[in-house]
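Report on the structure given below.
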Amino acid sequence: MINFEGKVVLVTGGSRGIGSAAVTAIADAGGSVIIHYGGNAAAAAKTAATVGAGRSHIVQGDLSEPGAAKAVWEKSLAWKGHIDVLVNNAGIFQSAPVDGNDDTWAEAWQRTLQVNLASCGELCRHAVNTWREAESGGIIVNVSSRAAWRGDAPDQWAYAASKGGMVSLTKTIARGFAADGIYAYCVAPGFTETDMALDAFEKDPAFKEVVIRDIPMGEIAPASDIANTICFLASGLVPHATGSTIDVNGASYVR
């Protein structure tokens, strides 16, 4: 049985979508959850309300800004004095057409890599250093994407590259710090019922049809599927799986 009693979990991008579902699942299993958000304070407050008083703490930080990850970690650590699990879920999906404006292309790459990869790496660094100093061990779960394995749309080079980087980062942490009791895992979702995906489908209904045809299960995954996978990996039940990635994509990409 998954039990997070006495554990403190930091979930970045915890206000909506997969992050919000993960916050709820962890709290339902007895954990205390730090809900990080970038800009939507109302969504963070709504997610916190589902958890209940005293079981959650909200931290704001714009991870597109260099150095923001350190502030997020420090503010989160101050709440209970310890963090047992880090879930790097925050991410953006910014289009950059290959034949578009040079400045637009460069800005999309810089911002995507900063949010999806550099800030993730910085948070992992602070977690590893904190846990090694405390000799406490800890768990990292990074939310990557099937794009890490199969690539993505022509306008999403930066997104696919950032998610591939997360997988390599996770493997490196797992190999480097398992002896310290620090374990790292990846979850690689396909299309998932999030605001980001639903907004894209609303703008282009034909795109939704293409996406569904590509999924043998005939539907995109509910956010709860990803959240349940995060909980399983974060639970400490499978330490020898450290360094691995679990795909949750309805068999749209099978490795």
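The values are calculated or read from the model by the stated rules, or taken from the named source; none is laboratory data. Everything numeric in this text was worked out from a predicted model, so none of it was measured. Glycine also receives a Cβ, built like all others from the backbone with ideal geometry; neighbour counts cover every protein chain displayed.
For the reader, a short list of remarks on this structure follows.
- One residue alone among Gly39, Gly30, Gly19 is within 22 Å of Ile2 (Cα to Cα) and surrounded by fewer than 15 Cβ atoms within 10 Å (Cβ to Cβ), and that residue is Gly30.
- Some residue of the range 216-232 being without any contact (Cβ under 8 Å) to a residue 40 or more places away in the chain, out of contact with any Asp or Glu (no Cβ under 8 Å at 6 or more places or on another chain) and closer than 25 Å to Asp28 by Cα: yes
- Selection of the range 214-251 for residues being hydrophobic (A, V, I, L, M, F, W, C), more than 18 Å from Ser145 (Cβ to Cβ) and not in a helix (DSSP H, G or I) yields Leu237, Val238.
- Among the residues listed as Arg132, Arg111, the single one being surrounded by fewer than 22 Cβ atoms within 10 Å (Cβ to Cβ), touching an Asp or Glu at 6+ places or on another chain (Cβ under 7 Å) and on the phi < 0 side of the Ramachandran plot: Arg132
- All told, Gly14 falls short of being among the small types (Gly, Ala, Ser), out of contact with any Lys or Arg (no Cβ under 6 Å at 6 or more places or on another chain) and without any contact (Cβ under 8 Å) to a residue 40 or more places away in the chain.
- Checklist (1) free of Cβ contacts under 8 Å to residues at least 40 places away in the same chain; (2) of a type in the set (S, T, N, Q); (3) in contact with a strand residue (DSSP E or B) (Cβ under 6 Å, 6 or more places away or on another chain) applied to Gln110, failing item: (3)
- When Val254, Val211 are checked against the criterion of being free of Cβ contacts under 8 Å to residues at least 24 places away in the same chain, surrounded by fewer than 20 Cβ atoms within 10 Å (Cβ to Cβ) and assigned to a loop (DSSP other than H, G, I, E, B), Val254 stands alone in meeting it.
- Out of Ala161, Ala206, Ala200, one residue alone is of a type in the set (Gly, Ala, Ser) and within 25 Å of Ala118 (Cα to Cα). It is Ala161.
- Taking the criterion of being within 15 Å of Val11 (Cβ to Cβ) and outside any helix (DSSP H, G or I), the residues of the range 105-147 that qualify are Gly138, Ile139, Ile140, Val141, Asn142, Val143.
- Single match in Val51, Val87, Val72, Val59 (criterion: within 17 Å of the chain's Cα centre (by Cα) and within 20 Å of Ile2 (Cα to Cα)): Val87
- Residue-level check: of (1) touching a residue at least 12 places away in the same chain (Cβ under 8 Å); (2) among the hydrophobic types (A, V, I, L, M, F, W, C); (3) closer than 26 Å to Ala43 by Cα, Ala178 misses just (3).
Each row is one residue, and each column tells you yes or no for (1) at pLDDT 95 or above; (2) under 24 Å from Glu209 (Cα atoms); (3) of a type in the set (D, E, K, R).
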position	(1), (2), (3)
Ala96	no, yes, no
Gln110	yes, no, no
Ser119	yes, no, no
Arg125	yes, no, yes
Asn142	yes, no, no
Arg150	no, yes, yes
Thr170	yes, no, no
Ala184	yes, no, no
Thr192	no, yes, no
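- Only one of Gly91, Gly6, Gly39 that is assigned to a loop (DSSP other than H, G, I, E, B), farther than 28 Å from Gln156 by Cβ and not acidic (Asp, Glu): Gly6
- First in the range 28-43 and farther than 22 Å from Ile83 by Cα, second anywhere and surrounded by 17 or more Cβ atoms within 10 Å (Cβ to Cβ) and of a type in the set (D, E, K, R), Cβ under 9 Å, 6 or more apart: Asn40/Arg16; Ala43/Arg16
- Glu122 acidic (Asp, Glu) and either on the phi > 0 side of the Ramachandran plot or within 18 Å of the chain's Cα centre (by Cα) (or both): yes
- Condition check for Val11: closer than 30 Å to Gly151 by Cβ, out of contact with any helix residue (DSSP H, G or I) (no Cβ under 7 Å at 6 or more places or on another chain) and crowded, with 23+ Cβ neighbours inside 10 Å: no
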